[in-house]
Amino acid sequence: MDKKMLAVLALAAALISGCDWIRAKLDMPTSEDIAKKKELIAKKEAAVSATVSADSLKVADSVAVASEAENKAPSQSNTVNTGSGLQLTPRSGLDKTYYIIVGAFKTDELVSKSLKDNEGILETPFAFSGNGLKYVAIGGYETLEEARKALVQAHAKAPEAWVWKKK
C-alpha cells in the first residue's frame with residue numbers, strides 16, 4: 001500500500017509542479033525558454049516589418065535586371081539649373097512610373113556628392129526635386145517588377161537604395 005501511495009504522491013507532485021521540472025530533468029525547453037524564444041521571434045518579425053514600407057520597397061528578388069534599353073534616364077533637355085551648377089529634372093519631367101532612389105537631400109552639395117558616388121551602379125544618376133527635397137535616382141522603370149529586379153542589382157553597391165513611385 002505504501003508503494004501505491006508513494007506513486008500517487010509522486011504523480012500528484014509532478015502534476016502540481018507542472019511539466020517544467022520534468023522538462024528540465026530531461027534537458028528539454030521549459031515554459032520560460034519557450035516564452036523567451038517567442039519574444040525573440042516577435043522582435044525579429046517586428047524588425048522585418050519595420051524595414052518594409054509602402055515607399056521603400058526593399059525587395060530581395062533573384063531575377064536578373066531588365067535590359068539597358070528600358071533603363072534610360074530622363075532626357076537632359078527637361079532639366080533645370082539650380083544656380084549652383086546642379087542640374088535637376090522637374091518632377092513633372094519624369095517619364096517613368098518607378099525610380100530607384102539612393103538618397104534624398106536638402107543641399108545641392110550633398111546631391112552633387114551622391115551623383116558622383118553612385119555613377120555606374122545601374123545607369124547615369126540624375127537628380128529631381130519634390131516635397132522640398134532633391135532626390136538622386138539611378139534608374140527609371142515602367143513596372144514595379146522591373147524596378148524590383150533592378151533594385152536587387154543596385155543593393156550590391158547601394159544598400160540604402162529603395163523604389164519610389166511617381167504619383
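Numbers at a glance
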{"read-out": "Single residue of LYS113, LYS134 found to be surrounded by 14 or more Cβ atoms within 10 Å (Cβ to Cβ), modelled with pLDDT of 85 or more and not in a strand (DSSP E or B)", "value": "LYS113"}
{"read-out": "Some residue of segment 143-160 being in the same structural domain as LYS96 (by TED's automatic domain parsing) and closer than 21 Å to THR107 by Cα", "value": "yes"}
{"read-out": "Residue match in segment 142-149 (condition: part of a strand (DSSP E or B), of a type in the set (Val, Ile, Thr) and without any contact (Cβ under 8 Å) to a residue 60 or more places away in the chain)", "value": "no"}
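The values are calculated or read from the model by the stated rules, or taken from the named source; none is laboratory data. Computed from a predicted model, the values in this text were never measured in an experiment. Methodologically, a virtual Cβ is constructed for each residue, glycine included, from the backbone with ideal geometry; neighbour enumeration extends over all protein chains shown.
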